[in-house]
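To start, the structure under review is shown below, and the notes come after it.
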């Protein structure tokens, strides 16, 4: 068993490329719901839409889900450990 310290996690953001140290290597359903909800709120408040809108995409939630599916959202997920001090920032593209 390898024990990593807080410093290992914090420096991993700069040193390790595409290595996810905290959590599963995929986007969890809770992260997906949070991202879609936040992006739908942004769209509803007038933020620019990053995709071409067609007749099937009528509400902000559908647009946000399609943007997430295509992987064009420039967001970063911050995963923290239960100690509250250790975290890792993971670009959304790594999890898709």
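Taken together, the values in this text are just the output of simple stated rules run on the coordinates, not laboratory data. Keep in mind it's a predicted model, so treat the numbers as computed, not measured. Glycine also receives a Cβ, built like all others from the backbone with ideal geometry; neighbour counts cover every protein chain displayed.
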With label points built 7 Å along Cα→Cβ from the Cα atoms of residue 47 and residue 29, find their separation and express it in nm.
2.4
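Plugging the Kirkwood radius over Cα pairs into Stokes-Einstein for the stretch 13-96, at a temperature of 25 °C and a viscosity of 0.890 mPa s, what D comes out in µm²/s?
Numbers: Rh = 14.0 Å.
Using the Kirkwood radius from Cα pairs, D works out to 175 µm²/s.
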At R0 = 22 Å, how high is the FRET efficiency between residue 69 and residue 38 if r is their beta carbon distance? Nearest 0.05 is fine.
0.90
Rounded to one decimal in nm, the spacing of the 7 Å Cα→Cβ label points at residue 20 and residue 93 is 1.6
